[in-house]
1. How big is the chain by the Kirkwood estimate over distinct Cα pairs, in Å?
2. Pick from 46, 128, 224: which residue has the top mean-square fluctuation in a GNM of the chain where Cα pairs under 10 Å get a spring?
3. Note down the relative contact order for the stretch 78-243 as a percent, whole number, built from C-alpha pairs under 8 angstrom at least six residues apart.
4. So if each residue of separation counts as 0.36 nm, and I subtract the Cα-Cα distance between residue 159 and residue 172, what length gain in nm does that give?
5. Calculated from DSSP H runs of 4 or more alone, at -39500 (n - 2.57) each and per residue, what is the 222 nm mean residue ellipticity of the chain, nearest 500?
6. Please give the Cα centre distance for the stretch 29-49 versus the stretch 68-95, rounded to the nearest Å.
7. Between 0 and 90 degrees, rounded to the nearest ten: what's the tilt of helix 257-279 against the longest Cα principal axis of the chain?
8. Using only Cα atoms and rounding to the nearest 10 degrees, what angle (0 to 90) does helix 119-140 make with the longest principal axis of the chain?
């Protein structure tokens with residue numbers, strides 16, 4: 001079912017008023033008709049099952065059939081500080097980061113970044129990335145559209161990250177997997193997490209030192225060197241699995257004993273597979 005985003009101000013009693021580019025998309029691209037169903041999110045963890053009631057050139061009015069409580073967001077807000085990559089890689093990064101649950105994406109101009117954007121080009125790129133973030137949020141059933149900020153300098157990005165609870169910086173010279181596992185396990189639900197990812201050439205040593213001086217924890221993603229478009233998504237996946245493991249522990253406690261042991265056995269098998277993968 002198609003999903004659209006509105007602001008809370010567009011939700012009025014038992015009706016929602018969709019405006020902007022989505023009007024043309026509903027009418028002329030999807031060719032939806034009065035009476036058809038769709039989902040609407042107000043960007044505030046509320047999702048509504050709706051039915052189209054009327055359409056004009058500027059507005060689509062839908063009637064709320066059912067308000068649905070959603071839980072599609074991660075328990076912590078993740079901020080991805082992504083060093084500007086070459087070509088169109090940023091588009092892929094934005095799309096997949098949104099699908100994996102990133103709360104905000106911050107493009108960062110680092111020293112080794114090959115891409116150099118002037119103000120005009122940067123604004124045009126950011127506008128496109130924001131459109132991709134919105135499309136990704138709709139496709140993946142997110143209840144909010146992750147924010148894509150304007151391009152920041154590395155210094156400004158570090159300043160921006162000071163208000164976050166945890167900062168992570170994957171780095172090839174970081175300690176082993178044991179230390180990284182400990183760092184990840186210390187992250188608690190509700191804590192905001194910033195992830196710093198370098199461009200194709202990686203971070204300069206001074207940039208890593210500056211991040212650590214600002215409270216970042218250096219972690220490793222394994223023995224292999226990952227591409228910039230892979231590193232951030234891998235870190236997001238690790239965090240998602242970390243919090244999902246907490247959910248699994250809770251579910252096991254709530255189930256009866258017979259079902260619990262079967263559930264636990266499945267999880268143990270999955271963990272064994274992951275340990276083998278780490279050794280490869």
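Where a number appears in this text, it was derived from the coordinates with a stated rule and is not lab data. This one's a predicted model, so the numbers in the text were calculated from it and none came from an experiment.
1. 20.9
2. 224
3. Values: 277 pairs, mean separation 53.8, N = 166.
Taking the mean separation of contacting Cα pairs over the length of the stretch 78-243, I get 32 percent.
4. Working: separation 13, 0.36 × 13 = 4.68 nm, distance 2.38 nm.
Taking 0.36 nm per residue and subtracting the Cα distance, the gain is 2.3 nm.
5. Taken over the chain, the calculation gives -13000 deg cm²/dmol.
6. About 23 Å separates the Cα centre of the stretch 29-49 from the one of the stretch 68-95.
7. Once rounded, one gets 60 degrees.
8. Around 70 degrees separate the two axes.
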